[in-house]
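Working notes, beginning with the structure itself.
The values are calculated or read from the model by the stated rules, or taken from the named source; none is laboratory data. Since this is a predicted model, take the numbers as computed values, not measurements. In this analysis, Cβ positions are derived from the backbone assuming ideal geometry, glycine residues included, and neighbour counts consider all displayed protein chains. For accessibility, only protein heavy atoms count, side chains too; no ligands or nucleic acids. Shrake-Rupley method; radii C 1.70, N 1.55, O 1.52, S 1.80 Å.
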2 protein chains.
Amino acid sequence: MNDSEALVSTFEEGEVGIVAHSDFVSKVPFEFESGGVVPGLCLRYETYGHLNKDKSNAILICHALTGDHHCAGVYDMTERKQGWWNFMVGPGKPIDTKKYFVICSNVLGGCNGSTGPRSINPETGKPYNLDFPKLTVRDMVRAQALLIDSLGLDRLHAVIGGSMGGMQTLQWAIDFPERLGRYAALACCARHNAQAIAFNDTGRQAIMRDPAWKKGVYASDAPPAHGLAVARMMAHITYLSDAGMEARFGRKRRAEDSSREHFEVEFEVESYLRYQGQQFVSRFDANSYLYLTKALDRFDLHGSDGRLDEMLKAVQAPGLVVGFGSDWLYPPQANREIVEALLRLGKPASYAELALNAGHDSFLLRAPKLDALIRTFLDR
Amino acid sequence: MNDSEALVSTFEEGEVGIVAHSDFVSKVPFEFESGGVVPGLCLRYETYGHLNKDKSNAILICHALTGDHHCAGVYDMTERKQGWWNFMVGPGKPIDTKKYFVICSNVLGGCNGSTGPRSINPETGKPYNLDFPKLTVRDMVRAQALLIDSLGLDRLHAVIGGSMGGMQTLQWAIDFPERLGRYAALACCARHNAQAIAFNDTGRQAIMRDPAWKKGVYASDAPPAHGLAVARMMAHITYLSDAGMEARFGRKRRAEDSSREHFEVEFEVESYLRYQGQQFVSRFDANSYLYLTKALDRFDLHGSDGRLDEMLKAVQAPGLVVGFGSDWLYPPQANREIVEALLRLGKPASYAELALNAGHDSFLLRAPKLDALIRTFLDR
């Protein structure tokens with residue numbers, strides 16, 4: 001038995017193991033909510049577990065802003081990094097792949113295999129860049145529905161996601177009320193407040209003011225890396241909590257003192273954030289970041305007339321919304337108000353608030369309470 | 001009587017009126033805390049009101065990161081913008097220029113007339129840029145003390161300031177305990193936490209990753225404007241409160257919808273922030289921003305061994321520290337812990353917390369409660 005076999009064997013007991021992605025390709029023109037059209041689209045996705053005979057055990061996972069379709073397992077034995085929700089998805093895990101057939105796709109507008117601003121426009125042979133239509137969360141969900149159709153699924157056991165994934169989840173419950181059995185939105189909100197828009201626009205300005213951005217028409221090997229790194233650094237701070245950062249980094253220092261000022265890394269937290277910014281550049285596209293953050297800013301379940309209840313009327317399935325106490329980007333109240341509106345409408349909905357200290361990113365970190373909450377909600 | 005005279009007359013009743021700055025110039029080498037030396041220095045300053053005969057009515061105001069020496073009045077009748085603390089300083093105002101002789105100087109390391117990274121190094125005939133020594137809040141205060149000496153003042157009635165100005169105020173109370181009668185630090189902290197350092201370093205990265213920065217050696221007419229604007233936009237969000245932004249901007253929109261994505265201003269808050277970023281570039285120097293934010297990050301009254309009480313032992317004068325409920329950058333607790341330590345040491349100190357909703361910037365906005373607090377503290 002070689003090392004690889006040993007690892008596969010381990011995977012079989014509690015891990016998803018080695019996975020591969022698939023591409024759903026549609027040649028039918030897709031019209032965006034804004035009226036813009038693309039001649040076709042591709043959604044890259046992964047599945048875990050097996051569809052049962054009556055096709056009643058499918059769960060769709062929606063990823064957050066900078067996530068992708070790779071939510072569990074590894075691509076090969078040399079890869080050390082597992083999917084972004086690996087602790088949640090797998091045999092015996094809260095989203096149990098021994099019971100459920102799990103699907104996760106890269107969003108429309110993304111940059112990890114699905115059609116997005118940097119995809120080639122078949123009509124011009126060049127990337128769409130800013131010719132890509134204005135994008136909304138509803139567009140993402142409608143594209144996902146085409147993928148679900150293509151898999152022969154009329155109905156999903158559940159839709160689940162955090163942050164932007166939570167917005168997609170809510171949109172699924174509104175736009176396809178009869179196609180899902182339940183839904184769970186984590187660290188979510190019905191709409192961005194001014195502060196969230198402000199942070200996003202500052203990130204966009206960092207990208208768009210980078211001379212390498214060139215109004216979106218940059219070469220693939222010369223992206224606006226500086227702007228994107230800065231946008232990520234800033235956004236990353238908003239995903240963490242004050243207390244969480246203090247516990248992890250505090251004022252721990254790296255560098256030696258000298259009378260000369262170099263502005264190199266001095267505090268640990270600087271090193272961490274600069275690394276996060278740098279890593280992000282290697283895995284994410286700047287135009288995609290612009291489009292996706294705009295979709296987040298425009299998402300508004302209150303609608304232009306501020307009537308959240310009106311928008312949620314269509315929902316039928318029972319829902320769970322989870323807020324995290326230390327999340328200051330989409331704070332507990334922004335999650336709670338969704339459930340309050342659902343309950344006013346007589347819809348079956350629950351709100352849970354977890355006192356985890358990882359801020360907005362709490363849904364991405366393993367916690368027994370979160371595990372139990374999701375497992376019970378999906379299995380009940 | 002022409003229009004100018006009419007205005008001067010109005011000023012005499014309740015306004016500081018037209019002011020002019022002065023320059024304090026020292027040709028004596030100044031050694032920084034880091035060991036670095038400059039061959040001399042200049043501090044630009046303004047004064048308001050008159051020094052009394054026994055020289056007992058002088059108040060020093062310390063400005064915040066992006067403030068300057070111009071804290072009250074106007075430079076000429078055509079100028080519409082008054083000094084940054086005009087509501088606080090003037091005849092009959094809380095810092096009453098009918099009673100007090102008020103001094104405000106641009107900090108060492110600044111860019112509004114005082115010696116800073118963009119000043120000409122007399123030894124090379126070129127700007128210091130990154131040859132400017134590492135800067136601390138203590139350096140700023142020691143330079144201010146030279147100015148106070150030059151004005152023939154042994155002792156100040158009070159030192160007062162907010163944010164970085166509050167740090168200077170505390171440093172005055174520690175380093176020159178016998179030279180001040182009282183001190184008031186507003187929206188302050190004993191040291192930055194990891195989150196505050198993270199925001200500052202992201203701002204610095206925005207500047208340093210701007211190709212125009214050129215390792216600090218940029219032409220005066222070609223500064224790293226994009227990076228500086230982005231740094232300011234981000235920092236500005238941290239100076240406001242979530243609730244304050246929501247009340248002022250919410251999701252108010254500017255632009256018309258279209259299917260094409262332009263990433264131009266769509267929400268009011270974007271317009272406001274982009275304007276703030278742009279304005280800042282015209283009045284602030286990027287290298288100075290780097291040096292001053294570093295001084296903020298390094299300020300640490302807990303010291304390397306975490307003993308706040310030890311550092312505050314030297315304080316003699318009675319102090320007032322004011323926290324603002326909506327300030328999440330230097331939250332109330334960060335202010336309160338300073339007074340708690342002072343009280344443990346048996347020092348005369350008071351803590352006040354004002355429930356204003358302008359966030360960290362609350363000390364820069366007029367509020368009757370703040371007025372009364374400062375007036376009473378100075379006059380008692």
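When nucleic acids and ligands are ignored and a 1.4 Å probe is applied, A:T78 ends up with an accessible area of around 120 Å².
Ignoring ligands, DNA and RNA, what percent of the accessible area of region A:193-298 is carbon or sulfur (1.4 Å)? Summing carbon and sulfur atoms, their accessible area is 51 percent of the total for region A:193-298.
Report the far tail of the P(r) of region B:286-340, meaning the percent of Cα-Cα pairs longer than 15 Å. Don't skip to the answer; put the middle values down first.
Details: 936 of 1485 pairs.
Counting every Cα pair in region B:286-340, those more than 15 Å apart make up 63 percent.
Ranked from largest, the principal axis spans of the Cα set of chain B equal 70, 52, 50 Å.
Return the calculated 222 nm mean residue ellipticity for the protein assembly as shown, to the nearest 500 deg cm²/dmol, obtained by summing -39500 (n - 2.57) across DSSP H runs with n ≥ 4 and dividing by the residue count. List each step's numbers first, then the result.
Details: 22 runs with 268 residues, N = 760.
Mean residue ellipticity, 222 nm, calculated: -11000 deg cm²/dmol.
If you bin all the Cα-Cα distances of region B:194-298 at 10 Å, starting from zero, the percentages per bin are 14, 39, 31, 14, 2.
Nearest 0.05, what FRET efficiency do B:S258 and A:S258 give at R0 = 56 Å with Cβ-Cβ as r?
Values: r = 54 Å, r/R0 = 0.96.
Calculated transfer efficiency: 0.55.
Give me the lysines in straight-line cross-link reach of B:K99: C-alpha distance below 24 Å, same-chain residues under 8 apart excluded. Here the lysines satisfying the reach criterion relative to B:K99 are B:K53, B:K55, B:K369. Ligands, DNA and RNA excluded, the heavy atoms of A:K126 present near 130 Å² of accessible surface to a 1.4 Å solvent probe. Probing with 1.4 Å while keeping every protein chain in the model, the per residue accessible area of the protein assembly as shown equals 39 Å². The mean count of C-beta atoms from other chains within 10 Å of the C-beta of residues in A:241-252, rounded to a whole number, is 4. When B:M234, A:M77 are compared by accessible area of protein heavy atoms, the largest-first order is A:M77, B:M234, using a 1.4 Å probe.
For the residues of A:208-221, the average number of beta carbons from a partner chain within 10 Å of their own beta carbon is 2.
Rounded, prolate or oblate, given the Cα gyration tensor of region A:55-112, with a/c below 1.5 counting as rounded? Mind dumping the intermediate values first?
Numbers: a/c = 2.13, a/b = 1.16, b/c = 1.84.
In terms of gyration-tensor shape, oblate.
Couplings 3J(HN,Hα) for region A:228-236, derived from phi with the Karplus relation 6.51 cos²θ - 1.76 cosθ + 1.60 (θ = phi - 60°), are 5, 5, 5, 4, 5, 4, 4, 4, 4 Hz, where x marks Gly and Pro. Shown are A:D54, B:D285, whose ranking by accessible area with a 1.4 Å probe and every protein chain present, most to least, is A:D54, B:D285.
So what's the gap between the Cα centers of region B:346-375 and region A:75-116, to the nearest angstrom? A separation of 51 Å, based on Cα centres. Along the axis of the charge dipole computed for the protein assembly as shown (Cβ charges of +1 for Lys and Arg, -1 for Asp and Glu, origin at the Cα centre), the listed residues A:F32, B:G323, A:F249 are led at the positive end by B:G323.
Quick one: which residues, 5+ away or cross-chain, put their amide H under 5 Å from the amide H of A:L51? H built at 1.01 Å from N. Distant-sequence amide H within range of A:L51: zero hits.
Summing both sides, how much accessible area is buried between A and B? Use a 1.4 Å probe and give Å² to the nearest 100. Summed over both sides, the interface buries about 5500 Å².
Dividing the Cα radius of gyration of the protein assembly as shown by 2.2 N^0.38 Å, with N the residue count, gives 1.05. In this view, the solvent-accessible surface of A:F24, computed with a 1.4 Å probe and all protein chains in place, comes to about 30 Å².
Across the options B:S220, B:A196, B:A231, the greatest Cα extent toward the positive end of the charge dipole of region B:194-298 (unit charges at beta carbon of Lys, Arg, Asp, Glu) belongs to B:S220.
Using DSSP to call loops (not H, G, I, E or B), can you name the trypsin sites (Lys or Arg not before Pro) in region A:206-265 whose Cβ has at most 10 other Cβ atoms within 10 angstrom? Don't jump to the answer; show the numbers that get you there.
Values: sites: A:R209, A:K214, A:K215, A:R232, A:R248, A:R251, A:K252, A:R253, A:R254, A:R260; in loops: A:R209, A:R251, A:K252, A:R254, A:R260.
Passing sites in region A:206-265 do not exist.
For the pair B:K215 and A:K369, a Förster radius of 45 Å applied to the C-beta separation gives a FRET efficiency near 0.40, rounded to the nearest 0.05. Spread over its residues, the convex hull of the C-alpha atoms of region B:19-169 is 114 Å³ per residue. Rounded to the nearest whole Hz, the Karplus-based 3J(HN,Hα) values (6.51 cos²θ - 1.76 cosθ + 1.60, θ = phi - 60°) of region A:291-303 follow the sequence 5, 5, 5, 5, 4, 4, 5, 7, 4, 7, 6, 7, x, with x at glycine and proline. Partnerless cysteines in chain B, where a partner means another cysteine C-beta under 4.7 angstrom, comprise B:C42, B:C62, B:C111, B:C188, B:C189. Sorting A:E310, A:E337, A:E46 by solvent-accessible area of protein heavy atoms yields A:E310, A:E337, A:E46, largest first, with a 1.4 Å probe.
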